[in-house]
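A.B. asks: For reference, the structure I am asking about is given below.
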Amino acid sequence: MPVRSLETKGWLHAPRMPLGEAYQGRCHANDDMAIEPPESDQRELCNCGYARGRCSRFPADSADAGDAVRFSVAEDAGGVVRVIWVVEKGHSPGAFGSLEYSIDAAELSGAGERLLIAQARAFLESYLRRTGIPTAEGLYSGY
């Protein structure tokens, strides 16, 4: 779950970030105990996806779980940003859906589980910052 931006100074060449930027946050792989992994894990595993078999916190009994979530902007017009999300497993699409963000109302609508929504909010904040569209303070923080 993204909580705050992560400095990109630790990478010689930062990889493509699924959320648009790197984030520090909490790991919810074990629902009983969310933790903040070491920064090195967040850089190499959490921010990039595909941590199955590489991260000690990735649930061993999660054969059906996705390996990564990808976001993209499908449309940005009329004060609404439509975001497509895809959960990948083994580099193939699995679940997918869309969310809509109203810039004027600063409101995100659409279905999705809470961690996916938090990631979508971080992606949107990154997108809006890069495009120069004003955002509500802390679109993703505290979610």
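A.B. asks: With θ taken as phi - 60° and the coefficients 6.51, -1.76 and 1.60, list the Karplus ³J(HN,Hα) couplings across the range 60-65 in order, rounded to whole Hz; mark glycine and proline as x.
C.D. replies: 5, 8, 10, 4, 8, 6
A.B. asks: Okay, next question. Quick one: in the chain, what % of C-alpha pairs are over 19 Å apart?
C.D. replies: Values: 5249 of 10153 pairs.
Every Cα pair in the chain considered, those over 19 Å come to 52 percent.
A.B. asks: Work out, step by step, the length gained on full extension between residue 7 and residue 133: first 0.36 nm times the residue separation, then minus their alpha carbon distance; give nm to one decimal. Provide the component values of the computation, followed by the final result.
C.D. replies: Details: separation 126, 0.36 × 126 = 45.36 nm, distance 2.18 nm.
Stretched out fully, the residue 7 to residue 133 stretch lengthens by 43.2 nm.
A.B. asks: Once you keep just the Cα pairs under 8 angstrom separated by 6 or more residues, what percentage relative contact order results for the chain? Intermediate results must be reported in sequence, preceding the final value.
C.D. replies: Details: 212 pairs, mean separation 28.4, N = 143.
Relative contact order comes out at 20 percent.
A.B. asks: Still on this structure: Over all Cα pairs of the range 32-84, how is the pair count split among 10 Å bins, expressed in % and running from 0 up to the last occupied bin?
C.D. replies: Once binned at 10 Å, the Cα pair distances of the range 32-84 give 20, 38, 23, 17, 2.
A.B. asks: Tell me the label-point distance for the pair residue 14, residue 74, using the 7 Å Cα-to-Cβ offset, in nm and rounded to one decimal.
C.D. replies: Going by the 7 Å Cα→Cβ label model, 2.7 nm.
A.B. asks: Averaged over all directions, how much area does the convex hull of the C-alpha atoms of the range 68-131 cover when projected, in nm²?
C.D. replies: Values: hull surface 17.2 nm².
Computing the convex hull of the Cα atoms and averaging its projections yields 4.3 nm².
A.B. asks: Compute the distance from the alpha-carbon center of the range 1-47 to that of the range 88-103, in whole Å.
C.D. replies: So the two Cα centres are separated by 19 Å.
A.B. asks: Here is a further query. Taking only Cα atoms, what is the 0 to 90° angle, nearest 10, from helix 114-131's long axis to the longest principal axis of the chain?
C.D. replies: With both axes taken from Cα atoms, the answer is about 50 degrees.
A.B. asks: How do the peptides 93-100, 115-122, 104-111 rank, highest first, by the average count of neighbouring beta carbon atoms within 10 Å per residue?
C.D. replies: Details: 93-100: 14.5, 115-122: 21.4, 104-111: 11.8.
The packing order, highest mean first, is 115-122, 93-100, 104-111.
A.B. asks: Give the calculated FRET efficiency between residue 56 and residue 109 to the nearest 0.05, with a Förster radius of 30 Å applied to their Cβ-Cβ distance.
C.D. replies: 0.25
A.B. asks: Between residue 102 and residue 65, how many nm apart are label points set 7 Å from Cα along the C-beta direction?
C.D. replies: 3.5
A.B. asks: Quick one: 23, 101, 127, 50, fewest Cβ neighbours within 10 Å first, how do they rank?
C.D. replies: Numbers: 23 24, 101 27, 127 21, 50 16.
Fewest to most other Cβ atoms nearby, the residues stand as 50, 127, 23, 101.
Values in this text are rule-based calculations from the coordinates and carry no lab data. Since the model is a prediction, treat every value here as computed from it, not as a measurement. No Cβ is skipped: glycine too gets one built from the backbone with ideal geometry, and neighbour counts run over all protein chains shown.
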